[in-house]
Amino acid sequence: MKHLNSFRAPIVVAALLSLTALAMAQDAEKQKMIDIEKAFAAAPTPGPQAAAVAKKYLYDGPLVQLTGHGQVGTLPKARVVDFMTKPDPSDPDVKSVQTVADVHVEIYGDTALVSYKMTNKDVGHKDAALNTTDHYGCLDTFVKSNGEWSIVGGACTPDQPQPQAEWTAAKKALSQAPKDIQDAYH
């Protein structure tokens, strides 16, 4: 029996080291997704930087979104990247600033959910009702493919009711979006 106890200690130490290594690896994976969310927040206004972030971190396939105004839609990555390449010609002077906080990541194999709080401030809209600061609760879905995490879907909801003027202006803006985008969202 004493002989068996001499083997138990190294096995317990090896198990603890393995668990520690696994936890550290998972923490590194979580940090990758937090960094991706911060990259999107750092480039919220359509233009070359936003397009580069979208191209790098969006899943190469259909992307699903639930907007803060309740529209659900699916677009291919190429269309989203194209949309993010340049400002909207009908409202070209818009500038956005975003911050993310309280980011939480849960990993389920090759799928992960990332929840966070986001503040979005828009200025420069032609319709002053859209020049707002809004606060959202968001949830993004990631998949891991070829060792890289990519966003496949996202949803954000305001943390308080939006003023009717903002709601109406956002609906009007969607009605002026390119036809394929209007058709993709309902």
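When segment 100-118 is examined, which residues are found to be under 13 Å from the mean Cα position of the chain (by Cα) and farther than 15 Å from residue 36 by Cβ? Before you say what the answer is, go through the steps one by one.
Initial filter on segment 100-118 (under 13 Å from the mean Cα position of the chain (by Cα)): 100-101, 103-105, 112-118.
Listed by number, the residues that qualify are 101, 117.
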Consider residue 34 against the criteria (1) over 18 Å from residue 113 (Cβ atoms); (2) aliphatic (A, V, I, L, M); (3) in a helix (DSSP H, G or I): it satisfies all of them except one. Which criterion is unmet?
(1)
Report the residue count in segment 156-179 for those that are open to solvent by less than 30 Å² (accessible area, probe 1.4 Å) and over 18 Å from residue 128 (Cβ atoms).
2
Per the list (1) at pLDDT 90 or above; (2) open to solvent by 50 Å² or more (accessible area, probe 1.4 Å), residue check on residue 13 breaks on (1)
Out of (1) within 26 Å of residue 36 (Cβ to Cβ); (2) surrounded by 15 or more Cβ atoms within 10 Å (Cβ to Cβ), the odd one out for residue 130 is which?
(1)
Going through (1) more than 23 Å from residue 81 (Cα to Cα); (2) among the charged types (D, E, K, R); (3) touching a strand residue (DSSP E or B) at 6+ places or on another chain (Cβ under 7 Å) one by one, residue 127 fails only at (3)
Mind listing whichever residues of segment 67-100 are without any contact (Cβ under 8 Å) to a residue 60 or more places away in the chain, closer than 15 Å to residue 153 by Cα, in a helix (DSSP H, G or I) and open to solvent by 40 Å² or more (accessible area, probe 1.4 Å)?
78
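The values are calculated or read from the model by the stated rules, or taken from the named source; none is laboratory data. A quick note: this is a predicted structure, and the numbers were derived from the prediction, not measured. Every residue, glycine among them, receives a Cβ derived from its backbone with ideal geometry; neighbour counts consider all protein chains shown. Heads up: the accessible areas ignore ligands, DNA and RNA and are worked out on the full protein's heavy atoms, side chains in. Shrake-Rupley method; radii C 1.70, N 1.55, O 1.52, S 1.80 Å.
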